[in-house]
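To start, the structure itself, in structure tokens.
The values are calculated or read from the model by the stated rules, or taken from the named source; none is laboratory data. These numbers were taken from a predicted model, which means no experiment stands behind them.
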Amino acid sequence: MRVIDFPGFLDTRVVITDEEIRMTLKSIIADCLARQQLFAGFLVTVSLKNGSMRHMTTVNQIIQIFGEQVLDNCILLVTKYDNEVVPRKREWYPTMERECHARGLMRVMSWTNLPEQAPQNQNESLIFLLDSLPTFSSNVLNAVE
């Protein structure tokens, strides 16, 4: 499995524009295709700690590049679910999940970052979601080329 991590859309801590992110994303996927590597999809992470409710902005940017069918190949992982500093933000999770489901993004998972508080099957649940991603649609890949 090849995992590619890079700054997210709307990330103000780095000097890279959303357009540069889009172009880099297209380039990485095109490289995977040229090497005949399997490309499964996107793991979009959003942290409850930073208070951001901009999760759909990233998803919408990916849709803008690849089209609606890309949602079958996306997982939204909501991290810092265990954060004690901002427990009220856990209330956002059901709203986030509903928004994603209404948009067509069905794979949404909360993630506990503290090992002692993590559900026993947390890692297995994420692996199950990753394994459940369907083969990337050729229509989606055509959008890159």
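Residues in region 123-144 that are in a loop (DSSP other than H, G, I, E, B) and of a type in the set (A, V, I, L, M, F, W, C) were compared, and the one that is modelled with the lowest pLDDT is V144. Filtered by the rule that a residue be among the basic types (K, R), modelled with pLDDT of 75 or more and within 18 Å of the chain's Cα centre (by Cα), region 1-56 gives R22, K26.
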